[in-house]
Amino acid sequence: MSVYNRLSDTSKKKFAVLIDPDKPTDEQIIEIVKKSVDAGVDFFFVGGSLLTTDSLDNCIKLIKKNCEIPVLIFPGNSLQISKWCDGFLLLSLISGRNAEMLIGRHVISAPYLKLYGNEIIPTGYMLIDGGKQTSVSYMSNTTPIPHDKDDIAMCTALAGEMLGLKVIYMDAGSGAMEPVSPDMISKVKQTIEIPLIVGGGINTPEKAAAAAKAGADIVVVGNALEKSADRLQEFADAVHNS
Ligand code: 1GP
C-alpha cells in the first residue's frame, strides 16, 4: 500500500511519532521503535528544523531495520533528503509568504527526490501560533497564523487543497506552549476533504485525544516522547480510541 493511501485512510485515527535524528542515541531509537510496534504506531516522521549531524540516513535505516512502520521525512530544510525513507512530505509553507518556502527550496530538492524515487506527499504546511516563537518560524522567516484566527486557517487550507496539495499539516511548532485549538482543527477539517495532520505542543494523551476528536486524521507527537517513551502506549491509545 502506498504511504499516501495509508495517510488518506480516514476510517481510523492515526498516530505518528516524530523523531529528531540529532537527538536520540541508537539505543534510544531502538527502544522507541520497540515501544511503537507494541503500541501500534502508524508512522514515523523524521526531521528537524536544524540538524547538526549527518544522522538522518542512520536514523531511518535503524528504524527500518527494526520494524515495518512507514518512515516519512518531515524535512526542516532542503538538505534533509534520504533514499531510505518510505515517503517524503514535500512541504509548501502556505501559511507564510516566503517564496523560498513556497517553491524555492523545492526546485533544489526536486532532482534529488526524483533520483531517489521517494514517494512524494505534496503537503500544505501551516504554522499556527502556539504561544512562543518556534524554531521553524524563526528558520523559515515566516509569521504563523494567529492562534484564534480560525477563518484564516480555513481559507489557507482550502486554497492549499484547491492548488492540488494532498494533505494539510497544521503545526503549532515543536514544544509549542499551546497546541492548535480543537476549534480551529474542527473548522479546518470541515472545510477540506484531504487528510489533516496536526502536531506541535501535544504533550499529554488528553491533548492528543482532543486533537483527534476535533478532526485531526493524524496526530503527531515529538517532544513529549523524546526524554522518555514511557507514555507512548497511552498517547497511541488516546488517538486510536478517539
Ligand atoms: C513539530 O508537529 C511537530 O513540528 C511535533 O511537535 O515536538 O511539540 O510534539 P512536538
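The values are calculated or read from the model by the stated rules, or taken from the named source; none is laboratory data. This one's a predicted model, so the numbers in the text were calculated from it and none came from an experiment. We place every Cβ from the backbone using ideal geometry, glycine too, and count neighbours over all the protein chains shown. Ligands, DNA and RNA are stripped out before the accessible areas are found, and what is left, the full protein with its side chains, is counted by its heavy atoms. Shrake-Rupley method; radii C 1.70, N 1.55, O 1.52, S 1.80 Å.
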Only one of (1) away from the ligand (no atom under 16 Å from the Cβ); (2) farther than 21 Å from S11 by Cα; (3) open to solvent by 60 Å² or more (accessible area, probe 1.4 Å) does not apply to M177, and that is (1)
Only one of K23, K12, K35 is assigned to a helix (DSSP H, G or I), touching a residue at least 60 places away in the same chain (Cβ under 8 Å) and more than 16 Å from the chain's Cα centre (by Cα), namely K35
When restricted to I120, I69, I103, the only residue under 24 Å from I194 (Cα atoms), without any contact (Cβ under 8 Å) to a residue 24 or more places away in the chain and open to solvent by 10 Å² or more (accessible area, probe 1.4 Å) is I103
By residue number, the members of region 12-34 that are open to solvent by 60 Å² or more (accessible area, probe 1.4 Å) and away from the ligand (no atom under 12 Å from the Cβ) are K12, T25, D26, E27, Q28, E31, K34
Log entry, pairs with first residue in region 131-157 being on the phi > 0 side of the Ramachandran plot, second being not β-branched (V, I, T), beta carbons closer than 6 Å, six or more apart or on different chains, reads G131/M177; G131/E178; N141/N98
Scanning region 79-100 for residues that are open to solvent by less than 30 Å² (accessible area, probe 1.4 Å) and small (G, A, S), the one modelled with the lowest pLDDT turns out to be S82
The number of residues in region 183-206 that are within 16 Å of the ligand (Cβ to nearest atom) and either of a type in the set (D, E) or open to solvent by 40 Å² or more (accessible area, probe 1.4 Å) (or both) is 2
Output for Cβ contacts, cut-off 6 Å, separation at least six or different chains, first residue closer than 14 Å to D129 by Cβ and without any contact (Cβ under 8 Å) to a residue 60 or more places away in the chain in region 169-195, second within 9 Å of the ligand (Cβ to nearest atom) and open to solvent by 40 Å² or more (accessible area, probe 1.4 Å), reads G175/N223
Note: among A236, A229, A212, just one is touching a residue at least 60 places away in the same chain (Cβ under 8 Å), more than 26 Å from I121 (Cα to Cα) and more than 12 Å from the ligand (Cβ to nearest atom), namely A229
| query | Got at least one residue in region 71-92 being in a loop (DSSP other than H, G, I, E, B), basic (K, R) and within 16 Å of the ligand (Cβ to nearest atom)? | reply | no
Scanning region 215-226 for residues that are touching a Ser or Thr at 6+ places or on another chain (Cβ under 8 Å) and assigned to a loop (DSSP other than H, G, I, E, B), the one nearest to the ligand (Cβ to nearest atom) turns out to be G222
Among the residues of region 45-66, the number that are open to solvent by less than 70 Å² (accessible area, probe 1.4 Å) and either within 16 Å of the ligand (Cβ to nearest atom) or charged (D, E, K, R) (or both) is 9
Evaluate region 124-131: report whether one residue or more is of a type outside the set (F, W, Y) and touching a His at 6+ places or on another chain (Cβ under 6 Å). yes
Within region 154-174, residues open to solvent by 50 Å² or more (accessible area, probe 1.4 Å) and either of a type outside the set (D, E, K, R) or over 30 Å from E226 (Cβ atoms) (or both) come out as M154, C155, L158, M162, L163, S174
